[in-house]
Amino acid sequence: MSLPEEDLSCPICCDIFADPVLLSCSHSFCRLCLRRCWDTPGVHKCPVCRKRASKSNPTSNLALKNLCEALLQLRTQHPAPGEEAATSCNLHAERFKFFCHVDKKPLCVVCQSSEMHRGHDCSPIEEAVLDCKDDLNSTLENLQDKLDSLKRIHTSCDDILNHIKSQAQQTKTVIKDQFEQLHQVLYQEESARLAALRSEEEEKITGMKQKMAAISAEMLSLTESINILEEELKAEDIVLLENFTAAKERCTNIQISPEIMSGVLIDVTTHLCNLKYRIWEKMQEHVDYTPVTLDPNTAHPCLILSRDLTSLHYSSQPWPRCPDNPERFHMSAEVVGMAALGSGSHRWTVETGGNQDWLLGVASASVPRDAEVLARPENGFWTLCFRDGGLRAMTSPPTPLTSSRKPRRVKVQLDYAEGTLSFFDAADDALLYAFAHTFPEALLPYFYTQSPSPLRILPGNVPAGMLRRGEGELSQSCSAE
């Protein structure tokens, strides 16, 4: 870079070499300048020493080309003190009037009419500046939108992180209370369950912190790109035009991580589902067995579940900052059980008590959680409804049922293979209604209420076959008889 500028200038155009070529006489010229000199018929000679050239297509002078390109780049990045952006053509001493969209450079009137730029798409400097600014402003808005999106994701991650900690704390309390009821003989089992919870809590928190750290890094990178782009927009017009392509390329390919939040919450049911029963080998006489356990990760924010996940009631005050995870029902006060029923026979009893607005039954595992649909068989729901003092089966249209009294306990019995779902009044085993249907997929126990009075899943008899099974089979039999 300490070489005099004349040593890096073409003898023909007197400008810094552009794609220099080397003749056999050791003189170098711009390829285009030499081609113009050799346009006339005759022997190809060196324009300086007039020696005959050995080749009609001379070899590129790569070393000189790299040196000239480095000089031009250095000029752009580090202008001399007091040097301002060039506003006139150094070849013709004319002010720049046009911008060539093919070569991405400003041109004077003479350059624009020259053979080098003949047929190129050119526009006035003022128009090109406006177009470039519009393009960069659009890119800036797009980057800002991406940053805003990352901020929303980061906030959502923070909410989920707090909810995971809350879940872990509440689950830990339930586990400790249940183990205290089983006294010291269950101490080792209690320790094992708490260790599993701690491990999952650490795993989920670590995963979420890593996600947040990655998002923070993306936010920092995106912020830096925005700052650089904003500085580009403040530059002189010519500098902006010269740097436009590089600035555009830096920003165009910036991507943000997809917002994927499914499965990040603690699987509470793994720790709490029939917890006492799973240690039946040590204290079978103290164990209550519940055929169905509610899944709190699916519960609508207005539903309040009991600590043992066997009862629910409606509250007009929803959970504060409830995570918006995909498994959760968002449109109405619904919740499903944790175990999918895809074979065999299953039964459970629900105490409705004074609840005056409820639906009980089963729902397909794939029913939408973020849209309000009618609880009908064609939508994947097979339910019994009590509302406005009347009992009805939710067929299409609903079928009113006559009953001498409001059932205070409803027994639900599903035979998946036979395709039947029956509802009984548990007081006298009177059949209330039976659906006959070939179920297309696995089902989940389904509950809905908008009453502050609870619906409670009652403990059931332990299936005799389960008493003879080992611990490894227990988790697969939690809902089956």
Q.
I need the full set of residues from region 87-120 which are touching a strand residue (DSSP E or B) at 6+ places or on another chain (Cβ under 8 Å), of a type outside the set (A, V, I, L, M, F, W, C) and farther than 23 Å from Ser9 by Cβ, in order please.
A. Lys97, His101, His120
Q. Taking region 195-212 only, how many residues are within 17 Å of the chain's Cα centre (by Cα), surrounded by fewer than 16 Cβ atoms within 10 Å (Cβ to Cβ) and in contact (Cβ under 8 Å) with a residue 12 or more places away in the chain?
A. 2
Q: Considering only region 26-45, state which residues are of a type outside the set (Ser, Thr, Tyr) and either under 24 Å from Glu69 (Cβ atoms) or touching a helix residue (DSSP H, G or I) at 6+ places or on another chain (Cβ under 7 Å) (or both).
A: His27, Phe29, Cys30, Arg31, Leu32, Cys33, Leu34, Arg35, Arg36, Cys37
Q. What are the residues in region 229-241 that are within 19 Å of Asp145 (Cβ to Cβ) and either among the charged types (D, E, K, R) or exposed (fewer than 13 other Cβ atoms within 10 Å of the Cβ) (or both), if any?
A. Glu230, Glu232
Q. In region 216-228, what count of residues is obtained for those that are of a type in the set (S, T, N, Q) and surrounded by 15 or more Cβ atoms within 10 Å (Cβ to Cβ)?
A. 1
Q) Within the set of pairs 6 or more residues apart or between chains, which connect a residue that is at pLDDT 70 or above and among the hydroxyl-bearing types (Ser, Thr, Tyr) inside region 79-107 to a residue that is surrounded by fewer than 18 Cβ atoms within 10 Å (Cβ to Cβ) and not in a loop (DSSP other than H, G, I, E, B) with Cβ atoms less than 9 Å apart? A) Thr87/Arg95; Ser88/Arg95
Q | Lone unmet requirement of (1) within 40 Å of the chain's Cα centre (by Cα); (2) surrounded by 14 or more Cβ atoms within 10 Å (Cβ to Cβ) for Ser366 | A | (2)
Q. Can you pull out the residues in region 87-140 that are open to solvent by less than 30 Å² (accessible area, probe 1.4 Å), β-branched (Val, Ile, Thr) and touching an Asp or Glu at 6+ places or on another chain (Cβ under 9 Å)?
A. Ile125, Val129
**Q.** Count - residues of region 420-432 that are under 45 Å from the mean Cα position of the chain (by Cα) and open to solvent by 60 Å² or more (accessible area, probe 1.4 Å)
**A.** 0
Q. Quick one: would you say Lys248 is under 19 Å from His154 (Cα atoms), among the basic types (Lys, Arg), in contact (Cβ under 8 Å) with a residue 40 or more places away in the chain and surrounded by 15 or more Cβ atoms within 10 Å (Cβ to Cβ)?
A. no
Q | Filter result (exposed (fewer than 11 other Cβ atoms within 10 Å of the Cβ) and in contact with a strand residue (DSSP E or B) (Cβ under 7 Å, 6 or more places away or on another chain)) within region 37-59 | A | Val43, Thr59
Q) When only residues in region 299-327 that are polar (S, T, N, Q) and open to solvent by less than 60 Å² (accessible area, probe 1.4 Å) count, which is nearest to Asp370 (Cα to Cα)? A) Asn325
Q.
Can you say whether Leu8 is touching a helix residue (DSSP H, G or I) at 6+ places or on another chain (Cβ under 9 Å), in contact (Cβ under 8 Å) with a residue 12 or more places away in the chain, open to solvent by less than 40 Å² (accessible area, probe 1.4 Å) and closer than 26 Å to Cys111 by Cβ, as far as the supplied structure shows?
A. yes
Q. So which residues in region 433-442 are open to solvent by 40 Å² or more (accessible area, probe 1.4 Å) and either of a type in the set (S, T, N, Q) or within 42 Å of the chain's Cα centre (by Cα) (or both), if there are any at all?
A. Ala436, His437, Thr438, Pro440, Glu441
(Q) Quick test of your reading of the structure: Asp145 fulfils all but one of (1) surrounded by 18 or more Cβ atoms within 10 Å (Cβ to Cβ); (2) without any contact (Cβ under 8 Å) to a residue 40 or more places away in the chain; (3) not basic (Lys, Arg). Name the failing condition by number. (A) (1)
Q.
Return the residues of region 242-263 that are of a type outside the set (A, V, I, L, M, F, W, C) and farther than 15 Å from Leu147 by Cα; say none if nothing qualifies.
A. Glu242, Asn243, Thr245, Lys248, Glu249, Arg250, Ser262, Gly263
(Q) Report every pair of residues separated by at least 6 positions or lying on different chains whose Cβ atoms are under 6 Å apart, first residue within region 48-70 and touching a residue at least 60 places away in the same chain (Cβ under 8 Å), second in a helix (DSSP H, G or I). (A) Cys68/Leu8
(Q) Just to be sure before I move on: is Leu186 of a type outside the set (S, T, N, Q), in contact (Cβ under 8 Å) with a residue 12 or more places away in the chain, more than 27 Å from Glu218 (Cβ to Cβ) and assigned to a helix (DSSP H, G or I) in the structure I sent? (A) yes
(Q) Every residue in region 215-241 that is modelled with pLDDT under 85, closer than 17 Å to Thr139 by Cβ and of a type in the set (Asp, Glu), please. (A) Glu232
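The values are calculated or read from the model by the stated rules, or taken from the named source; none is laboratory data. Remember, it's a predicted structure, so these values are computed and weren't measured experimentally. Cβ atoms come from the backbone with ideal geometry, glycine included; neighbour counts cover every protein chain shown. For the accessible areas, the whole protein counts, side chains as well, though only heavy atoms, and no ligand, DNA or RNA atoms are used. Shrake-Rupley method; radii C 1.70, N 1.55, O 1.52, S 1.80 Å.
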